[in-house]
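Bear in mind these aren't lab numbers, they're just calculated from the coordinates by the rules spelled out. Note that the structure is a prediction, hence the values are computed from the model and not measured. Here Cβ is always computed from backbone atoms with ideal geometry, including for glycine, and neighbour counts include all displayed protein chains.
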Amino acid sequence: MGQGLWRVARNQQLQHQGYSGQGYLTREHGRRIAANNVSNTSHRKQAQGGIDIYHLLKTRKSKEQEGFINLEMLPPELSFTILSYLNATDLCLASCVWHDLANDELLWQGLCKSTWGHCSIYNKSPPLGFSFRKLYMQLDEGSLTFNANPDEGVNYFMSKGILDDSPKEIAKFIFCTRTLNWKKLRIYLDERRDVLDDLVTLHNFRNQFLPNALREFFRHIHAPEERGEYLETLITKFSHRFCACNPDLMRELGLSPDAVYVLCYSLILLSIDLTSPHVKNKMSKREFIRNTRRAAQNISEDFVGHLYDNIYLIGHVAA
């Protein structure tokens, strides 16, 4: 990453050689540095594409300064770009040196929205004293609370004004967040079927092959470890959503939500059969076609064969 940051700084330097004064190169100064580089190639290895790191440091510092380049001497847009690659912990450490730069609201807003893509508070007028740095700490605290107790975590978000008390807003928050423990999330969705309904409608399976759509679905809404009512509920909701997203395909293939349900269950069982090390005699393609068409007779043999090939080549749909 260090080399990448120096490359960004070098490219920015070449693009803005018209800067002068405090720490910035004039064009004439840049020409002299380039000439010195040519004469000193036997002593120093140049960086690819132009001025090497030694000369970049030398021109950025006064004679009394030593060490890493000061971000405050760079153009602000370049400094913010460099700091945007840091996580929250490193950005807090950077604020000890570059207080104004590292505490900039745009940086903390980017951190919040890259981790928690949707919060109700994003679409509201900010309250007095609001800061994205403080919001990041609250979101992080709320996520940790959710991973210990989902109900308490959601209540924490609501108490801080981060989330509105509506199933749709909670579903959007879950859909756009990757910091929530999937086991706790599964328990929460099993208890809050209203949130689950809204979460399913956020998926768009248009023009997706059925096994791939099922994999995407189970990446957001993890399947239970055992068969039961909750798994049947998930497959039922997925089947209706998949048909709603692909009405033309359903008419072309002659499939209904019930037929898609049968196919999904067959794909899950086939996934277990092909990927489990405990199953010695794997189901053949011919057997899968025969068993599936026995349960859903209107499905073409070629389509069922493609389903088998997908699982065989790519793997489990609910891993």
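A few notes on this one:
- Contact order, relative form, for the stretch 218-319: 31 percent (alpha carbon pairs under 8 Å, 6 or more residues apart, mean separation divided by residue count).
- Measuring between alpha carbons in the structure, the pairs from K160/K184; K134/K168; K124/K168; K160/K237; K168/K237; K160/K183 lying more than 28 angstrom apart are K160/K237.
- Cβ crowding within 10 Å averaged over residues, with 148-158, 293-303 ranked highest first: 148-158, 293-303
- Packing, taken as the mean count of other beta carbons within 10 Å per residue, orders the peptides 281-287, 266-272, 108-114 from highest to lowest as 266-272, 108-114, 281-287.
- Förster radius 41 Å - calculated FRET efficiency between E152 and E105 (Cβ-Cβ, nearest 0.05): 0.90
- Above 18 Å, the calculated P(r) of the stretch 231-297 contains 45 percent of its Cα-Cα pairs.
- Between N207 and R178, the contour length at 0.36 nm per residue exceeds the alpha carbon distance by 7.9 nm.
- One chain, two ends: V279 and D194. Fully extended at 0.36 nm per residue, the span grows by 26.8 nm beyond their Cα-Cα distance.
- Residues whose amide H falls under 5 Å from that of T177, counting only those 5 or more places apart or on a different chain, are G117, with hydrogens built in the peptide plane.
- As a size descriptor, the averaged projected area of the C-alpha convex hull of the stretch 160-240 was calculated at 5.7 nm².
- Additional length obtainable on full extension of the chain from L144 to F303, 0.36 nm per residue less Cα span: 52.8 nm
- Diffusion coefficient (Stokes-Einstein, Kirkwood radius over C-alpha pairs, 25 °C, 0.890 mPa s) for the stretch 104-191: 188 µm²/s, rounded to a whole number.
- Long-range tail of P(r) for the stretch 203-314 (Cα pairs > 25 Å, %): 17
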